[in-house]
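The values are calculated or read from the model by the stated rules, or taken from the named source; none is laboratory data. A quick note: this is a predicted structure, and the numbers were derived from the prediction, not measured. All Cβ positions, glycine included, derive from the backbone under ideal geometry; neighbour counts span all protein chains shown. Accessible surface is based on the protein model in full, side chains and every heavy atom, while ligands, DNA and RNA are left aside. Shrake-Rupley method; radii C 1.70, N 1.55, O 1.52, S 1.80 Å.
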Amino acid sequence: CVALALLENGVPTIGILGCPNLPMSPNDDRYVWDESETDDNNQNSRGCIFVASQGGGCYQLPLTPGILPAKRVHVTPQDESVMGVQNARFCIGVEKGFGDFLGQMPDIAKIIHGEDMALDEDGEIIKSCRIDSQAKYGVLARGGGEFYVRLPKPGYQEWIWDQAAGCVVITEAGGKMTDVDGNDIDFSLGAKLSTKVRGVLGSNGGKFHDALVQAYQQQESVRAKEDTKNTPSTL
């Protein structure tokens with residue numbers, strides 16, 4: 001995925017995502033190529049560009065010109081008319097070491113989906129898809145998922161270009177992006193985000209985002225208590 005953003009006075013106002021391998025249909029979850037696919041035979045099924053501007057909405061275009069017209073996209077409705085919070089789908093990275101360094105996401109999923117409904121026998125989140133890059137924001141923007149969670153190694157500072165374009169795309173599609181404490185992210189501090197940003201949460205917004213932030217805080221509280229309990233005491 002190629003991501004471009006325009007910042008004006010430290011605020012992302014234009015976001016563009018070029019996703020050459022992303023299926024064009026939001027209902028197509030074949031994020032990995034089939035064995036029969038080639039560059040020649042998948043031109044009509046793969047390759048998307050997301051373009052969003054502050055106050056102008058978010059649009060999806062085909063990477064190959066002329067196949068389909070630009071279409072305005074929207075996140076999954078926040079009123080649970082299409083999907084309840086308990087069924088929200090996670091869109092997470094392929095390499096856990098980058099996006100979930102401490103392995104917190106399964107515990108977040110248990111809180112959202114239910115203790116016995118969240119994970120498969122391998123400990124993977126059942127209602128999820130794994131895809132790398134900011135293409136995840138495009139997937140959420142068109143209703144192909146509801147939750148984006150990025151929890152890097154403690155102390156890691158995010159580069160603004162890894163989040164700015166996606167921020168415009170998801171917010172202009174009706175969603176929301178914050179840090180793990182539910183605060184808006186400040187892009188005006190230079191090449192990197194604040195050291196206070198310990199992770200990034202994206203969603204379709206409303207009660208879904210509230211539930212995601214609360215689930216993160218809940219598992220963080222439990223984890224902190226377990227760390228304290230397992231820390232040897234000194235006399």
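Do you know the relative contact order of the chain, to the nearest whole percent, from alpha carbon pairs under 8 angstrom that are 6+ apart?
22
Which order, highest average first, do 158-167, 25-34 follow once you tally other Cβ atoms within 10 Å for each residue and take the mean per peptide?
Averaged packing, sorted descending, gives the order 158-167, 25-34.
Just read off the accessible area of Thr171 with the full protein assembly in place, 1.4 Å probe, to the nearest 10 Å².
Around 60 Å² of this residue is reachable by solvent.
Before I look further, what does the chain give for accessible area per residue, probe 1.4 Å, in whole square angstrom?
52
Based on Cβ point charges of +1 for Lys and Arg and -1 for Asp and Glu, what charge dipole magnitude is obtained for the chain about its Cα centre, in debye rounded to the nearest 20?
Computed about the Cα centre, the dipole is about 560 debye.
How big, in percent, is the set of alpha carbon pairs in the range 70-154 lying more than 20 Å apart?
35
Can you give the calculated 222 nm mean residue ellipticity of the chain, where each DSSP H run of n ≥ 4 adds -39,500 (n - 2.57) and the sum is split over every residue, rounded to the nearest 500 deg cm²/dmol?
-7000 deg cm²/dmol
Computed on alpha carbon atoms, what radius of gyration and Dmax characterise the chain, expressed in Å?
Values for the chain (Cα only, Rg and Dmax): 18.2, 73 Å.
Return the subset of Lys153/Lys176; Lys176/Lys225; Lys110/Lys225; Lys96/Lys192; Lys136/Lys229; Lys153/Lys229 for which the Cα-Cα distance in this structure is over 27 Å, preserving the input order.
Exceeds cut-off: Lys176/Lys225; Lys136/Lys229.
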